[in-house]
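None of the figures in this text is laboratory data; all of them are computed from the coordinates on show. Here the structure is a predicted model, which means the values were calculated and not measured. Don't worry about glycine lacking a Cβ; one is built from the backbone with ideal geometry, like all the others, and counts go over all protein chains shown.
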Amino acid sequence: AQSVTQLGSHVSVSEGALVLLRCNYSSSVPPYLFWYVQYPNQGLQLLLKYTSAATLVKGINGFEAEFKKSETSFHLTKPSAHMSDAAEYFCAVSSGNTPLVFGKGTRLSVIA
Amino acid sequence: DVKVTQSSRYLVKRTGEKVFLECVQDMDHENMFWYRQDPGLGLRLIYFSYDVKMKEKGDIPEGYSVSREKKERFSLILESASTNQTSMYLCASTPIAGGHNEQFFGPGTRLTVL
C-alpha cells in the first residue's frame, strides 16, 4: 500500500522568504510523485511531477521539488514567496496502474 | 486545454434526498475519479472508472454509487443523503491507465446536506 505524509497542516512565511513544504511517501515499488495546488474555491492544479527521470523537478510558478529515494521524500520549495502563492498544497503518490493517493494537505499563508 | 466540468458549484439538499453529482470531461479521457475533500483529511477516493460501464470502489465507497454510461460523463449518486456527506466533491480524469499520468480536476461541488 502507498501513503503520503505531509508535515505541517499549516505553514506561514513572509513575502520573499523561502517556501519549504514537506512530503514523505511510502511505496513498495518505484513511485510517481506529484504536487498539486488548490486556490480558494477551485479544483486542484498540477504544479509538478516526478516520473523517474531527473530527480530535481521544476514546475510552474517557480516551484521545484527534489526526489530523494534514501529519505523517501519529495519536498516542495520556492526561493521567494509571493502573496499569490497562498493556497493549499497536496502531495500525491502513485505507482503502476494505481489511482493517486493524496496527503492531507498543507495550507500556505504568505505574510506581507 | 483539458476541461473537466461539474454540474453545480454549490448544492443544498435535505437528509434522505437522492442526489446526483455530474462530471463531464471533453478530452476523451479513459479514466475518471470521484473524491471528497474534508478539512484535515485531504482528498479521499470514493469511486473510479477505467472504462464505460466499469467502476471500482475507492477508499470510502459506503453511501455512494456511480454511473458511467458514456465515456465523457461520470456521475456520483448519493442514494439517501445524510449530514455526514456534507463535503466538497471533486471529479478528475486522466487519459490512459498509468500512474505517471496527471489527473485533471474539475472546480468541485460543495454539497451541504441539512
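General remarks:
- Other protein chain Cβ atoms within 10 Å, averaged over every residue that makes up B:83-96: 1
- GNM remark for chain B: springs join alpha carbons under 10 Å apart, and the peak mean-square fluctuation among B:Val66, B:Val12, B:Val24 falls on B:Val12.
- Reachable lysines, given that their alpha-carbon falls under 21 Å from the alpha-carbon of B:Lys55 and they are not under 8 places away in the same chain: B:Lys18, B:Lys70, B:Lys71
- Cleavage-rule hits (trypsin sites (Lys or Arg not before Pro)) in segment A:25-112: DSSP loop, at most 12 neighbouring Cβ within 10 angstrom: A:Lys69
- Classification of segment A:30-102 by its C-alpha gyration tensor yields an oblate form. The axis ratio a/c (a ≥ b ≥ c) is 1.5 or more, and b/c is at least a/b.
- Averaging the Cα positions of each part gives two centres, and for segment B:13-39 and segment A:83-110 these lie 20 Å apart.
- If only the Cβ of Lys and Arg carry +1 and only the Cβ of Asp and Glu carry -1, the dipole of chain B around its Cα centre is close to 380 debye.
- Mean Cα-pair separation over length for segment B:59-114, i.e. relative contact order, pairs under 8 Å, 6 or more apart, %: 31 percent
- For the residues B:Asp51, B:Asp26, B:Asp59, a GNM of chain B with alpha-carbon springs under 10 Å puts the largest fluctuation on B:Asp59.
- Comparing mean-square fluctuations of A:Ser70, A:Ser26, A:Ser84 from a GNM of chain A with C-alpha springs under 10 Å, the top value falls on A:Ser70.
- Rounded, prolate or oblate (a/c below 1.5 giving rounded, otherwise prolate when a/b exceeds b/c) for chain B by Cα gyration tensor: prolate
- About its Cα centre, the dipole of the protein assembly as shown is roughly 300 debye, where the only charges are +1 on Lys and Arg Cβ and -1 on Asp and Glu Cβ.
- For a straight C-alpha distance cut-off of 23 angstrom, the lysines reachable from A:Lys68 (same-chain residues fewer than eight places away being disregarded) are A:Lys49, A:Lys58, A:Lys78, A:Lys104.
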